[in-house]
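Worksheet for the structure shown next.
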Amino acid sequence: MSSFVLKIIALISMFIDHLGYTLYQKFSNFNYIGRIAFPIFAFQISEGYKHTHSKKNYLINLLTFAIISQIPFTLFRSIFVNNSSSFSLNIFFTLLIGLIAIIGFEACKNKWIGLLLVFGLSSTANLLKMDYGYYGVLMIFLFHFFKEKKFLMNLSYCILVFLHYLPNIIISNFSYIYFILLFFTLLPIIFINMYNNEYGKNIKYFLYTFYPLHLIVLYLFNSLFI
């Protein structure tokens with residue numbers, strides 16, 4: 001399975017996720033499928049770091065589209081988040097911090113200091129209310145850290161996902177909803193393990209522009225027809 005195919009899977013599942021919020025203005029069955037998207041995007045960041053010709057340009061691209069996407073993201077969130085004081089930064093900021101965490105870790109001669117940097121950046125993502133927060137940044141980093149050790153990559157991913165959902169599972173008195181969410185969030189690791197290190201078609205800028213454009217389209221659709 002090439003990088004292109006992985007990105008298409010992530011793109012479709014993300015769109016289904018957001019379509020669910022557009023149609024129902026709340027969590028729905030669509031959002032289970034949406035859990036597939038982010039882990040694939042997180043994995044692609046770790047792969048992007050490994051294969052990019054210019055880390056500087058990679059950072060600039062993520063920052064540029066993070067800024068471009070913020071207004072569409074905020075408008076889209078207003079569909080299902082009624083609290084006007086609730087603010088969140090879009091997923092591009094999370095991907096950007098994840099990439100910075102990888103670059104910073106690799107730049108540190110002392111890897112313990114590098115790990116502290118990673119945890120510091122993860123905490124920053126939470127404080128700044130980035131989408132997926134510390135969980136998203138740690139996921140990106142773990143895909144990079146264990147890139148040559150597939151078993152440990154899979155194990156660390158499963159542990160991270162389980163720990164992420166565990167508090168909600170306990171608080172909800174073991175509601176089936178969180179077990180379904182857990183299942184669908186674990187599912188993309190199967191696709192990731194099918195990755196064959198082939199790049200496939202280059203849709204990088206389509207992927208970048210699709211994110212803010214589809215959020216605007218869904219927001220307008222909701223405003224006009226629902």
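Numbers below:
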read-out: Rounded FRET efficiency, nearest 0.05, which uses the C-beta distance separating Phe162 from Asn193 and R0 of 22 Å; value: 0.80
read-out: Furthest towards positive pole of dipole, Leu224, Ala107, His144, structure part the chain, Cβ charges; value: Ala107
read-out: Global form of segment 50-176, assessed from the alpha-carbon gyration tensor, a/c cut-off 1.5; value: oblate
read-out: Segment 100-195: relative contact order in percent, alpha carbon pairs under 8 Å with at least 6 residues between; value: 16 percent
read-out: Theoretical FRET efficiency, 1/(1+(r/R0)^6), r = Cβ-Cβ of Leu155 and Lys56, R0 30 Å, to 0.05; value: 0.35
read-out: Relative contact order, percent, segment 32-155 [alpha-carbon distance under 8 Å, six or more residues apart]; value: 28 percent
read-out: Flagged links, alpha-carbon separation over 27 Å, of Lys129/Lys149; Lys26/Lys149; Lys109/Lys201; Lys7/Lys56; value: Lys129/Lys149; Lys26/Lys149; Lys109/Lys201
read-out: The chain, relative contact order in percent, only Cα pairs under 8 angstrom and at least six apart counted; value: 30 percent
read-out: Helical mean residue ellipticity (222 nm; -39500 (n - 2.57) per DSSP H run of 4+; nearest 500) of the chain; value: -25500 deg cm²/dmol
read-out: Hits among aspartates and glutamates - C-alpha to C-alpha of Lys147 under 12 Å, sequence gap 8 or more where chains match; value: Glu47
read-out: Label selected from (i) 29, 19, 18; (ii) 41, 26, 14; (iii) 27, 21, 18, the criterion being semi-axes √(5λ) of the Cα gyration tensor in Å as computed here; value: (iii)
read-out: Percent accessible area from carbon and sulfur atoms, the chain, protein chains only, probe 1.4 Å; value: 70 percent
read-out: Cβ-derived FRET efficiency at R0 25 Å, Lys147 paired with Lys109, nearest 0.05; value: 0.80
read-out: Segment 74-111 versus segment 146-222: alpha-carbon centroid distance in Å; value: 15 Å
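The values are calculated or read from the model by the stated rules, or taken from the named source; none is laboratory data. This one's a predicted model, so the numbers in the text were calculated from it and none came from an experiment. Positions of Cβ are generated from backbone atoms using ideal geometry, with glycine treated the same way; all protein chains shown enter the neighbour counts. The area values use the complete protein model at the heavy-atom level, side chains included, leaving out ligands, DNA and RNA. Shrake-Rupley method; radii C 1.70, N 1.55, O 1.52, S 1.80 Å.
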